[in-house]
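The values are calculated or read from the model by the stated rules, or taken from the named source; none is laboratory data. None of the values given here were measured: they were computed from a predicted structure. When we count neighbours, we look across all protein chains shown, and the Cβ atoms used for this are built from the backbone with ideal geometry, even at glycine. The protein model used for the area step is the full one, side chains on, heavy atoms only, and it has no ligands, DNA or RNA in it. Shrake-Rupley method; radii C 1.70, N 1.55, O 1.52, S 1.80 Å.
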Amino acid sequence: MRRSALILLGVLLALGAPPRAHAEDEPTTKPSYRVVVDRVEHEPASIGGTRLQITMSALTLQGQRIDLTDPKTIKTYLGNTELKAPYSLGSFINTNEALAMVVIVQTSIEFTEVLPAIAETLDGTFLAAMDEKTTQVALLAYGDTIGSGKLGSVKTARGKAAALTNDGSTGDPALLETIERGLSLLKRAKTEPEGRPLRKVIVVISDGRERSGDRERVTRLGTRAAKEEVRIHSFAFSPEDVRRPLLNLGELSKRSFGTFRWLQRPKADSWAPAFEQLRDEINKQYVLTYFLSADEDPTGKKLRVETVGRVVAKSNEMKVPEATCNAEPCAGYCTGTVCAVPAAPEGRGILGWILLVGGIAVGAIVVLVVIGTILEKRKGAPKPPPGLVPGAVPGAVPGAVPGAVPGAHAVAAQVAAAPPVAVPANGPCLMYLSGPKTGVRIPLHHGFLIGKESNCHLIIEDGFTSGHHAQIGMDQAMNCSLYDMGSTNGTFVNGVRIQQKGLEHGVTVRIGSTDLRFLTQ
């Protein structure tokens, strides 16, 4: 019996979905790794060309997340050609993208002892960590029949999880039928707005027994899940230590590119680490973002990701879709879920030219008058003390934005309080990447304010920008950092929303719907 169990364990490891081991069970051999590409999104970019976003997992076979923050560890291929474009690395929980998840729990009488541990960890460790705004969950309990359930809020699913009890069934469990129902629920899942990218996951907690006894059906179901981009993550537990049915769960996870974890004890302290791993696998999943030039079209090419160095692994292949915005064709560029199409220039008649020239002349006269008035007023005006943000009230907290709630912009106060930096003409700047000012550069200095208020150094009035949207701080070495000042629509660097971010040469900055590039000179 002991030899048979070891052989079975080896088969599970070969499936690419190994059990979750306890400390005393940890293997002494060198661990293997796996990389899975979940989704590939492709959309027109406001800076020209397209944006390619790859959502991927990188794990050891024991389920631990692999650190890929070193840029030299990741290589992306389109066909057989390595993609050389620069990329930014983020995580799924920071993308504000949608997640639809079906949790399937066996509640037959054999699971009576372990259900309290499952309920505790599923509710408090796993579901509690899911984003209420972007996640929809269904919980399906099953034995020899399938419980009812539909996609709803995380709060509702947590309530059902906490109340899990055995259903008294003693017959063969309906595992595959329950998974098929879960796939149907995910196929009907909706997003707001419709067409928004949606990640799909099934979590199965089971002993692997299935009343049909059809192993080929197990394989077909796992393959179907992969085609529908649904990952099946399984937690295998056999109350009576019958291990052969666990192969069904290993096959489902392997075929769908999900993960398999083997639980060997019914106590909550044994389940919590496994659920924590899956929580991190979902929330901290890597997101690679590439910006490609207009003449570099990846549409239709097969994409894969490889890791090199200490961790060597190769992902599955996925076909790059056409560039769309919210699943719809876009002749302009995508901003959020909206396709923005620049207005076509209109021709002017003779009258139009006369009005244009006259308007320019009048405008020039007005500007000259205003400049003269300002100069006259400034002759006797005292200079503001060093470090005070333009437009600030004397005596206020240094760096505070006029009209802001006290303490609301502590970071901005720190920016303004630092010693001023003399910036040469060829120092750091922002360059417009779109609109009529494309190519125009704006020199930066310490405390540089961006927003739609009149006291900002860069005024953006595009309908999506806050009054005091963001601010740039600069140290004595002219290294720049970008700070979001509590804006409504967020501040983005290379497509990733930030609160505070050091700026490197060439990164793109999005304020509202305006795109700029940061240049060090």
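Compared with the direct C-alpha span, the chain from V341 to T520 gains 61.4 nm at full extension, assuming 0.36 nm per residue. When L303, L356, L433 are compared by accessible area of protein heavy atoms, the largest-first order is L356, L433, L303, using a 1.4 Å probe.
One chain, two ends: K227 and A163. Fully extended at 0.36 nm per residue, the span grows by 19.7 nm beyond their Cα-Cα distance. Taking label positions 7 Å along the Cα-Cβ direction at both K190 and K301, the computed distance is 3.8 nm, reported to one decimal. Highest average first, the peptides 228-234, 143-149, 67-73 ordered by how many other beta carbon atoms sit within 10 Å of their residues are 228-234, 143-149, 67-73. Once the C-beta distance of E276 and K72 is scaled by a Förster radius of 22 Å, the resulting FRET efficiency is 0.15 to the nearest 0.05.
Estimated at 0.36 nm per residue, the fully extended path between N455 and Q264 surpasses their Cα-Cα distance by 62.4 nm. Within the accessible surface of the range 419-521, defined with a 1.4 Å probe on protein heavy atoms only, the carbon and sulfur portion equals 50 percent. Could you compute the FRET efficiency for Q499 and T219, with r as their C-beta to C-beta distance and R0 at 56 Å, rounded to 0.05? It comes to 0.75.
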